[in-house]
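The values are calculated or read from the model by the stated rules, or taken from the named source; none is laboratory data. Bear in mind that the values here come from a model prediction, so they are computed numbers and not experimental data. Cβ coordinates were reconstructed from backbone atoms using ideal geometry, including for glycine residues, and neighbour counts include every protein chain displayed. Just the protein is used for accessible areas: all its heavy atoms, side chains included, with ligands, DNA and RNA removed. Shrake-Rupley method; radii C 1.70, N 1.55, O 1.52, S 1.80 Å.
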Amino acid sequence: MSWHASVLTLFPEIFPGPLGASLVGDALQRGLWSLETRQIRDHGLGRHRSVDDTPAGGGPGMVMRADVVAAALDAAIPGDDARPRLLMSPRGAPLTQKIARELAATPGIVVVCGRFEGVDERVIEARGLREVSIGDFILAGGEVAAMALIEACVRLLPGVMGKQASGEEESFENGLLEYPHYTRPRDWEGRAIPDVLTSGDHGRIAAWRRAEARRLTRERRPDLLKPKRGEE
Ligand code: SAH
């Protein structure tokens with residue numbers, strides 16, 4: 001069985017969107033992973049298939065109902081389905097390459113996309129949803145966030161990336177940002193490719209790339225160089 005993503009959303013028509021293109025889309029066509037979207041509104045209540053209601057305690061906006069989201073989840077997950085269940089949420093654990101690797105190693109994921117003000121807290125607890133954020137900003141809904149998460153996972157699946165090596169040197173994989181890239185022409189608008197890269201000396205090239213990766217990380221993301229809590 002290939003890696004299987006089930007996405008619970010009020011806007012299934014947005015998918016596959018970017019997940020249907022290029023590397024990740026080719027992998028979908030080749031059956032290296034599969035995608036199922038499920039319309040949460042199919043489990044909505046009444047004639048209008050209502051999915052949301054006003055927040056308890058007052059305040060602006062609407063909240064997705066626990067009973068509706070739970071019904072959509074229960075219909076999506078057969079009893080023996082061991083896939084992790086996630087909720088895209090700005091309150092969640094920040095998405096990292098480490099989390100993408102971890103999720104790519106599972107049989108797949110079940111993802112709930114929030115809308116409005118979010119989801120009733122009780123369904124998060126009752127169905128054990130793991131909250132994941134794609135950054136410290138607020139989107140209008142979880143769909144774009146779910147696509148980012150799925151794309152990050154799928155490109156790590158075996159056979160998806162052409163050159164197996166191209167996954168290992170990238171930003172974050174070794175705790176550093178990646179070194180700068182260059183390609184032809186050798187001179188462009190008065191800017192030359194650094195000599196070392198055209199020297200043919202593989203030892204010097206590797207050393208230059210390591211030094212550049214460290215320099216860029218120091219300048220732009222010094223937080224990546226600090227020991228993580230628990231690693232000191
Ligand atoms: N009221 C909420 C934001 C709701 S945004 C708050 O202040 O925390 C509506 C939905 O968009 C959320 O339920 C979530 O599913 C999705 N979303 C918004 N920003 C996100 C982010 N940074 N990462 C992941 N999902 C996000």
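How many residues are in a strand (DSSP E or B) and open to solvent by less than 40 Å² (accessible area, probe 1.4 Å) if we restrict to region 88-130?
9
Show the residue pairs that are 6+ apart or on different chains and have beta-carbon atoms under 7 Å apart, the first residue being within region 53-65 and touching a residue at least 40 places away in the same chain (Cβ under 8 Å), the second being of a type in the set (S, T, N, Q).
Between residues of region 53-65 that are touching a residue at least 40 places away in the same chain (Cβ under 8 Å) and residues that are of a type in the set (S, T, N, Q), the close pairs are MET62/THR54.
Return yes when LEU149 is surrounded by fewer than 21 Cβ atoms within 10 Å (Cβ to Cβ) and either modelled with pLDDT of 95 or more or part of a helix (DSSP H, G or I) (or both) and no when it is not.
no
Suppose we filter ASP120, ASP80, ASP136, ASP67 for residues that are of a type in the set (Asp, Glu) and within 8 Å of the ligand (Cβ to nearest atom); which single one remains?
Within the list ASP120, ASP80, ASP136, ASP67, the selection yields ASP136.
Looking at (1) in contact with a strand residue (DSSP E or B) (Cβ under 8 Å, 6 or more places away or on another chain); (2) within 16 Å of the ligand (Cβ to nearest atom); (3) over 19 Å from PHE15 (Cβ atoms), which is the one condition that is false for ALA72?
(3)
Does at least one position in region 145-157 carry a residue that is within 9 Å of the ligand (Cβ to nearest atom) and touching a Ser or Thr at 6+ places or on another chain (Cβ under 8 Å)?
yes
Does any residue in region 207-222 that is in the same structural domain as HIS181 (by TED's automatic domain parsing) and closer than 15 Å to PHE172 by Cβ come within less than 7 Å, Cβ to Cβ, of a residue that is outside any helix (DSSP H, G or I) and of a type in the set (Phe, Trp, Tyr) six or more places away or on a different chain, and which pairs are these?
ALA213/TYR179
Among the numbered conditions (1) part of a loop (DSSP other than H, G, I, E, B); (2) under 18 Å from ARG122 (Cα atoms); (3) not hydrophobic (A, V, I, L, M, F, W, C), tell me where ASP74 comes up short.
Only one criterion in (1) part of a loop (DSSP other than H, G, I, E, B); (2) under 18 Å from ARG122 (Cα atoms); (3) not hydrophobic (A, V, I, L, M, F, W, C) is unmet by ASP74, namely (1).
Would you mind finding the one in ALA100, ALA21 that is within 24 Å of the chain's Cα centre (by Cα) and touching a residue at least 40 places away in the same chain (Cβ under 8 Å)?
The unique qualifying residue is ALA100.
What's the number of the only condition in (1) more than 12 Å from the chain's Cα centre (by Cα); (2) closer than 12 Å to LEU149 by Cβ; (3) buried (at least 20 other Cβ atoms within 10 Å of the Cβ) that ALA72 fails to meet?
Condition (2) is where ALA72 drops out.
Name the pairs: first residue in region 133-152 and among the hydrophobic types (A, V, I, L, M, F, W, C), second residue open to solvent by less than 10 Å² (accessible area, probe 1.4 Å) and within 6 Å of the ligand (Cβ to nearest atom), Cβ to Cβ under 8 Å, at least 6 apart or on different chains?
Matching pairs, first to second residue: ILE134/ALA145; LEU139/ALA145; ALA145/CYS113; ALA145/SER133; ALA146/CYS113.
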